[in-house]
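Beneath this line is the structure, given in structure tokens, with notes to follow.
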Amino acid sequence: MGFRDLVALTVIKKLKSDSVDRSAIGNIINEIQRKRFSFVNLSFEFTLQKTNEVAHALVTRGYNLTSPSYWIKELGDAMQK
């Protein structure tokens, strides 16, 4: 697990906690915690990027698109690797 994964895992743990966060990002964490009750169903989960490669590839591809793209049937070549 790298540094970025550790930071992301720490944020997820803070979001799942019921205590008031007094860290540098505490205001953001506390605001998210307040707003989570507006949702019928909401969960915070941590997944390593290597475990979620298809989602990461889709997001990366999406950032590079200049026009709308639609996924109709099968995975593209980049997703099947």
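Every number in this text was worked out from the coordinates using simple rules, so none of it is lab data. Fair warning: this is a prediction, and the values are worked out from it, not measured in the lab. In this analysis, Cβ positions are derived from the backbone assuming ideal geometry, glycine residues included, and neighbour counts consider all displayed protein chains.
Some notes on this structure:
- Remark: the V54-R36 segment gains 3.8 nm on full extension, using 0.36 nm per residue and subtracting the alpha carbon distance.
- At R0 = 25 Å, FRET efficiency that the Cβ-Cβ distance of K16 and R61 yields, to 0.05: 0.25
- By the rule of a C-alpha distance below 18 Å, with chain neighbours fewer than 8 residues away ignored, the aspartates and glutamates paired with K14 are D5, E31, E45.
- Estimated Rh, the chain: Kirkwood, alpha-carbon pairs, angstrom: 15.5
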